[in-house]
Amino acid sequence: EFGQVAAGLTAIALAQALKGIGLGLALVQRRELSPAHVESAFGFTLLLSLTISAAMFLGAPIIGGLYGIPEATPILRALSVVFLLQGVASTSSFLCQRDMNFRALVLIDFGGYVAGSISSIALAFWGAGAWALVSPPAPR
């Protein structure tokens, strides 16, 4: 069961590398930032995240087959939705970095880790198997 989740998290890591093309860092580093810049960055990030997430969702059986773990398909599909949610939140995260609002970032991350840990422990206790390992990234 752990191999199924490892395959899914590896695919997510590769997709994250594609998503991180530097658009968010441009928001952080740009001297003057207009609402149009933020809207463009959000729109592009949303579109890119949606495209990659859809490709992962639809390609989950192929990815599972490449890993030799076809039973990982539902886990890959669940993680593709998590990837989309993280993409939606990334612009706000970069704006917090720009404003040096690290307290908000820490509180959000900490809350996500706590919620993920609680859900993971509860799912493991209730015998959810590999799904107990899938839940921690969701709240973050």
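Taking W131, W126 and ordering them by how much accessible surface each has at a 1.4 Å probe, largest first, produces W126, W131. For the chain, take the longest principal axis of its alpha carbons; what is the angle in degrees between that and the long axis of helix 35-67, to the nearest 10 within 0 to 90? Between helix and principal axis, roughly 20 degrees.
The largest accessible area among D109, D99 belongs to the first residue in D99, D109, and the rest follow in falling order (1.4 Å probe, all chains).
At a 1.4 Å probe, what is the % contribution of carbon and sulfur to the accessible area of segment 34-140? Roughly 74 percent of what the probe reaches on segment 34-140 is carbon or sulfur. Its Cα centre serving as origin, segment 1-109 has a Cβ charge dipole (Lys and Arg +1, Asp and Glu -1) of approximately 240 debye.
Of the residues G112, L23, G129, the one whose Cα sits farthest towards the positive end of the charge dipole of the chain is L23 (charges of +1 on Lys and Arg Cβ, -1 on Asp and Glu Cβ, taken about the Cα centre).
Residues in the chain average 60 Å² of solvent-accessible surface per residue, probe 1.4 Å, ligands and nucleic acids excluded. Using a probe of 1.4 Å on the protein chains alone, the accessible area found for S117 is around 60 Å².
The values are calculated or read from the model by the stated rules, or taken from the named source; none is laboratory data. Values in this document were obtained by computation on a predicted structure and should not be read as measured data. Here the Cβ is made from the backbone with ideal geometry for all residues, glycine too, and neighbour counts use every protein chain on show. Side chains are part of the model used for accessible areas, which takes the heavy atoms of the whole protein and leaves out ligands, DNA and RNA. Shrake-Rupley method; radii C 1.70, N 1.55, O 1.52, S 1.80 Å.
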